[in-house]
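**Student:** So that we are looking at the same thing, I have put the structure below in structure tokens.
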């Protein structure tokens, strides 16, 4: 796989998804960036706006094993990870065998993830971070690539369990899916209420996706841009040397180093998807909001005033100047 | 390793960036300087300062040039900075900077070849001149605005002052000085015309011009006024040197020696009335001899008069006057009246020239004194003395030029024209006291003719010429209060002054103090 091949494949996948999904080009792009960056995505949006369809379409365009879990309050961790069941062999010998749960897939759709209890949610932690599962003391590796594409509904808060910070941090991106505009709704009606429903074609397999992921990590990042990322992440902390007024006032905890990793990984994928072998400052700026939105913990004042973390991040990006290379 | 093409591109970019930085910095510095200059110009409305436009603009220009050149040399960016600059300006998406980092080994990637090729392709489309334009220079508008403001101010508002401010006070002082100077100039011009003094006439014209300039509504400012006065002063000095050279050339034939720029001898200046009288007398005698009907008695009387005049003739600067008088006497003895008359006429002419030179010298000296005093007053911000208490410059101008003997009527007329000169040490400032303050009604001493005296500046050298005063004394009885002074006190005072180191100028004060004790 070379840069040209990456770009071509990326565009093909994108086009296939766009055949089914109307609008949401930016969301589609960001989901793909997360996929090729090897990260997980949390899609947040009202019901019926196509979150699940987006994930299913993406899974269909990639020749990967797809699994879907509908999270409910009574969902148990074993329902996700799998469980050991007593098996009897032909010779009558009985033994426990591990029955793999839906997590053993390449693309896992965790629908309405915030409806499950924290215990069940945390069952995903190891899988998301390590790409492996431990059950009954046995360690099981999940075949790569492995993505968790979770959705959650921000409206119905009753009977939900907000994701803990630790788990939120494991998502590369948190994407907020907006309502489509009237034009997009008309297009949706045209596509979905006719006789023929559009369907995405498979354009890449698991090996291709793995190769693309590996290639994305090869993308070069100049020293001053690495510093730029670090300064942006540092700027989200109220304890930083020169925090912006919004950060100082509304933020309780800033983004973690994992946030910096997320920015840079996604920026690399963005760069290579545009046919470049180097990250630019523009790539970094484009990735700040989706990568850090869910990593900023607002303080009391921020919560009380309903401050949008995106506004804080925009202020940070505007404040943190892109430093040029140091004269050498 | 970076390719030669990219290296060349970066070299060009570094040069252009250095120029750009130099120009921008220079414009900023020059604008700052002009802003300060303009602020200083505005301040002239209130504060009596002079802000010469030429200096402001020249300084801004010089600083601009120096900073541009220094900027080109010192503000040359590194390759990485130049690469970053090109990345930003040409939207190269950080390709150049990343490639440089790759070449320097700061990053490792399996896509190095692709990155280099991609960067090279992108760099080929870069036009460094278009990317890093030297224009527009930062702060260029501000710079132009400030230049226009400074020039406009100089043309339209320079010299204006706000009322009730120190600047207005200075302007009024300069205007008063100008009026005073013009008055002196007119007086000098009148005297120069009446006595045919060419050098004094020229200087009077200059003084009149400067005085007129100082009186203008928009005054030139203290420094410029001082500069103009200095020019006048220098011109007067040149005229004096010319005059003295001429005098020296006259005295050279007489075997006299004089200094390079020494003024005409004081004793000679003191003889001016006598010289004028002698010249007049010889002209009259010459006229009498020229008449055919002169009797032997007349001739013997004339010979007698000539024998009296001859020893009193000035010893220097009179040219051949003495020999011509001697020649006239010889011719008279020989009975050659006509030749004697011609010789006397020539001698009278010689004396007349000498008289003219002396008067020119005195006129120039008085003008110089007036200019000098004006300079001193302007420099110190001292108020201009009124016509009544006008100081020695005016007095010397009057007394110097018109030093011919006058009768009391003439003196009275002069007193009407010009105020009386104060005596030395009168008033609150030396030379500027008011007569009424100290002396009551003017006395005849002040109206009297004072002869000019000068003491050589070298200690122990030069002659001290006593002042000869023609006075009208105050009549009436003078009553002096008698106070008994204890001789013991006087002795104590004298002893005290002997013991203590009392400066000479204070001894009188100390003595008076002790004497005052005796009255208590």
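The values are calculated or read from the model by the stated rules, or taken from the named source; none is laboratory data. This one's a predicted model, so the numbers in the text were calculated from it and none came from an experiment. In this analysis, Cβ positions are derived from the backbone assuming ideal geometry, glycine residues included, and neighbour counts consider all displayed protein chains.
**Student:** Among the residues in region A:112-130, are any surrounded by fewer than 17 Cβ atoms within 10 Å (Cβ to Cβ) and touching a residue at least 60 places away in the same chain (Cβ under 8 Å)?
**Tutor:** No: zero hits.
**Student:** Moving on. Can you tell me which residue within region A:277-291, out of those that are within 14 Å of residue A:317 (Cβ to Cβ) and in contact (Cβ under 8 Å) with a residue 60 or more places away in the chain, is farthest from the chain's Cα centre (by Cα)?
**Tutor:** Looking at residues that are within 14 Å of residue A:317 (Cβ to Cβ) and in contact (Cβ under 8 Å) with a residue 60 or more places away in the chain, I get A:287.
**Student:** Then there is this: Would you call residue B:83 more than 20 Å from residue A:223 (Cα to Cα) and either in a helix (DSSP H, G or I) or over 60 Å from the mean Cα position of the chain (by Cα) (or both)?
**Tutor:** No: the conditions fail for residue B:83.
**Student:** Can you work out which of the residues in region B:82-95 that are surrounded by fewer than 21 Cβ atoms within 10 Å (Cβ to Cβ) and within 11 Å of chain A (Cβ to nearest Cβ) is farthest from residue A:4 (Cα to Cα)?
**Tutor:** The qualifying residue farthest from residue A:4 (Cα to Cα) is B:88.
**Student:** Also, I was wondering about something else. How about region B:215-254: which of its residues are part of a loop (DSSP other than H, G, I, E, B) and more than 30 Å from residue B:42 (Cβ to Cβ)? It would help to see each step written out before you state the result.
**Tutor:** Residues of region B:215-254 that are part of a loop (DSSP other than H, G, I, E, B), as a first pass: B:215-221, B:253-254.
Correct list: B:253, B:254.
**Student:** Mind telling me which of the residues A:184, A:204, A:200 ends up being in the same structural domain as residue A:41 (by TED's automatic domain parsing), closer than 30 Å to residue A:275 by Cβ and in contact with a strand residue (DSSP E or B) (Cβ under 8 Å, 6 or more places away or on another chain)?
**Tutor:** A:204
**Student:** Kindly evaluate residue B:67 against the criterion of being outside any loop (DSSP other than H, G, I, E, B), touching a residue at least 60 places away in the same chain (Cβ under 8 Å) and buried (at least 21 other Cβ atoms within 10 Å of the Cβ).
**Tutor:** So residue B:67 does not fit the description; no.
**Student:** Among the residues that make up region B:338-346, is at least one of them outside any helix (DSSP H, G or I) and in contact (Cβ under 8 Å) with a residue 12 or more places away in the chain?
**Tutor:** no
**Student:** So residue B:147 fits all but one of (1) modelled with pLDDT under 85; (2) assigned to a helix (DSSP H, G or I); what number is the exception?
**Tutor:** (1)
**Student:** Another one. Hey, among the residues in region B:255-279 that are assigned to a loop (DSSP other than H, G, I, E, B) and modelled with pLDDT of 70 or more, which one's nearest to residue B:345 (Cα to Cα)?
**Tutor:** Checking each candidate, the answer is B:271.
**Student:** I need the helices (runs of 4 or more DSSP H) fully contained in region A:247-328, keeping only those with at least 2 residues that are out of contact with any strand residue (DSSP E or B) (no Cβ under 9 Å at 6 or more places or on another chain) and crowded, with 23+ Cβ neighbours inside 10 Å.
**Tutor:** Where helices (runs of 4 or more DSSP H) fall fully within region A:247-328 and carry at least 2 residues being out of contact with any strand residue (DSSP E or B) (no Cβ under 9 Å at 6 or more places or on another chain) and crowded, with 23+ Cβ neighbours inside 10 Å, they are A:257-273, A:281-292, A:309-319.
**Student:** Can I ask one more? Would you call residue A:95 more than 21 Å from residue A:201 (Cα to Cα) and surrounded by 20 or more Cβ atoms within 10 Å (Cβ to Cβ)?
**Tutor:** For residue A:95, the condition - more than 21 Å from residue A:201 (Cα to Cα) and surrounded by 20 or more Cβ atoms within 10 Å (Cβ to Cβ) - is not met.
**Student:** Same structure, new question: So in region B:31-49, with the set limited to residues that are free of Cβ contacts under 8 Å to residues at least 40 places away in the same chain and surrounded by fewer than 17 Cβ atoms within 10 Å (Cβ to Cβ), which one is nearest to the other protein chains (Cβ to nearest Cβ)?
**Tutor:** Out of the qualifying residues, it is B:32.
**Student:** Here is a further query. Kindly indicate whether any position in region A:39-47 is within 22 Å of residue A:105 (Cα to Cα) and out of contact with any strand residue (DSSP E or B) (no Cβ under 7 Å at 6 or more places or on another chain).
**Tutor:** No, every residue in region A:39-47 fails to be within 22 Å of residue A:105 (Cα to Cα) and out of contact with any strand residue (DSSP E or B) (no Cβ under 7 Å at 6 or more places or on another chain).
**Student:** Given the condition surrounded by fewer than 19 Cβ atoms within 10 Å (Cβ to Cβ), in contact (Cβ under 8 Å) with a residue 60 or more places away in the chain, within 14 Å of chain A (Cβ to nearest Cβ) and over 26 Å from residue B:40 (Cα atoms), answer yes or no: does some residue in region B:128-146 qualify?
**Tutor:** no
**Student:** Out of curiosity, is residue A:35 within 14 Å of another protein chain (Cβ to nearest Cβ) and crowded, with 21+ Cβ neighbours inside 10 Å?
**Tutor:** no
**Student:** Moving on to the next point. From (1) surrounded by fewer than 17 Cβ atoms within 10 Å (Cβ to Cβ); (2) out of contact with any helix residue (DSSP H, G or I) (no Cβ under 7 Å at 6 or more places or on another chain); (3) not in a loop (DSSP other than H, G, I, E, B), pick out the condition that doesn't hold for residue A:226.
**Tutor:** (1)
Conditions (1) in a loop (DSSP other than H, G, I, E, B); (2) assigned by TED's automatic domain parsing to the domain that holds residue B:11; (3) modelled with pLDDT of 90 or more, marked per residue:
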{"site": "B:87", "(1), (2), (3)": "no, yes, yes"}
{"site": "B:96", "(1), (2), (3)": "no, yes, yes"}
{"site": "B:102", "(1), (2), (3)": "no, yes, yes"}
{"site": "B:107", "(1), (2), (3)": "yes, yes, no"}
{"site": "B:113", "(1), (2), (3)": "no, yes, yes"}
{"site": "B:118", "(1), (2), (3)": "no, yes, yes"}
{"site": "B:130", "(1), (2), (3)": "no, yes, no"}
{"site": "B:133", "(1), (2), (3)": "yes, yes, no"}
{"site": "B:136", "(1), (2), (3)": "yes, yes, no"}
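**Student:** Here are some conditions: (1) within 14 Å of chain B (Cβ to nearest Cβ); (2) over 24 Å from residue A:313 (Cα atoms); (3) crowded, with 16+ Cβ neighbours inside 10 Å; (4) in contact with a helix residue (DSSP H, G or I) (Cβ under 8 Å, 6 or more places away or on another chain). Residue A:203 meets all but one. Which one does it not meet?
**Tutor:** Unmet condition: (1).
**Student:** Another one. Which of the strands (runs of 3 or more DSSP E) contained wholly in region A:1-100 include at least 2 residues that are modelled with pLDDT under 85 and within 22 Å of residue A:274 (Cα to Cα)?
**Tutor:** Because the criterion is at least 2 residues that are modelled with pLDDT under 85 and within 22 Å of residue A:274 (Cα to Cα), no strands (runs of 3 or more DSSP E) in region A:1-100 meet it.
**Student:** Of the residues B:109, B:98, which single one is closer than 15 Å to residue B:2 by Cα and either at the interface with another protein chain (Cβ under 9 Å from one of its Cβ atoms) or in contact with a strand residue (DSSP E or B) (Cβ under 7 Å, 6 or more places away or on another chain) (or both)?
**Tutor:** Answer to the check: B:98.
**Student:** Another question about this same structure. Hey, any hits in region A:1-15 for a residue that's closer than 23 Å to residue A:122 by Cβ and either surrounded by fewer than 16 Cβ atoms within 10 Å (Cβ to Cβ) or touching a residue at least 60 places away in the same chain (Cβ under 8 Å) (or both)? If you could, list the steps in order and put the result at the bottom.
**Tutor:** To start, the set of residues in region A:1-15 that are closer than 23 Å to residue A:122 by Cβ comprises none.
No: region A:1-15 contains no residue that is closer than 23 Å to residue A:122 by Cβ and either surrounded by fewer than 16 Cβ atoms within 10 Å (Cβ to Cβ) or touching a residue at least 60 places away in the same chain (Cβ under 8 Å) (or both).
**Student:** Next up: Here are B:52, B:77: which of them is over 23 Å from residue A:217 (Cβ atoms), within 8 Å of another protein chain (Cβ to nearest Cβ) and either touching a residue at least 12 places away in the same chain (Cβ under 8 Å) or surrounded by 15 or more Cβ atoms within 10 Å (Cβ to Cβ) (or both)?
**Tutor:** Just one listed residue meets the conditions, B:77.
**Student:** Are any residues in region A:3-23 over 15 Å from residue A:62 (Cβ atoms) and in contact with a helix residue (DSSP H, G or I) (Cβ under 7 Å, 6 or more places away or on another chain), and if so, which ones?
**Tutor:** A:3, A:7, A:22, A:23
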